[in-house]
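See structure below.
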Amino acid sequence: MSRILDSVRNPLVRAVARVPLPIRAKQLLGSVAVAALLGLVAVLGLVALGQSNSRGTELRRLQQQGGYEQLLQTDATQLRQLIDLRLGRLYRLNDLPLPSETPSPPSYKRGFLSALDQQIGNEFTRLCLDAGAGDCLAESLAPPHLPLTLEAVAPSLSRKLKAVDSTAPGSAPIDPVCKRPC
């Protein structure tokens, strides 16, 4: 019996009891209040779900950008290693076959360096294609095959690549940062 009296002692219950409305109207107002609270919870849940979806979309975009940057970094590293090899920075290219194995060591060296130059050209083209600049060594430019471009990811690297591509054959490329021949 004390529970029944406890509800009467509750100030909210006493305030609702004093309202001069019939009991059905009070029940209707109570139901409307509960429905409004449920609607508020639903709206807050949808807002939280929308924020979660936008974070998921941003995460996917960042993962794509990270993969693209890794691809460009790999291309640039491979090109740098080939250029270092061509310039003799990695090891000497004087390790020629014995004279008995080849009739002309200088022609062997020319052939090896020619193949190495071709590989450098291939890697440079791959870097240009992956960067979205098209085939830098060809006359016509192909459309980029990736949604991101080097210009969007690393504008300074894109300017350097365009500066190297725009040099005349036989001349030294000019570094756009320090404005001197490389």
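The values are calculated or read from the model by the stated rules, or taken from the named source; none is laboratory data. Note that the structure is predicted; figures quoted are calculated from it, not measured. Here the Cβ is made from the backbone with ideal geometry for all residues, glycine too, and neighbour counts use every protein chain on show.
Is it fair to say residue 58 is part of a helix (DSSP H, G or I) and more than 16 Å from residue 127 (Cβ to Cβ)?
Against the criterion (part of a helix (DSSP H, G or I) and more than 16 Å from residue 127 (Cβ to Cβ)), residue 58 qualifies.
Residue check: is residue 113 at pLDDT below 90, more than 30 Å from residue 154 (Cβ to Cβ), touching a Lys or Arg at 6+ places or on another chain (Cβ under 9 Å) and in a helix (DSSP H, G or I)?
Here the answer is yes, as residue 113 does meet what is asked.
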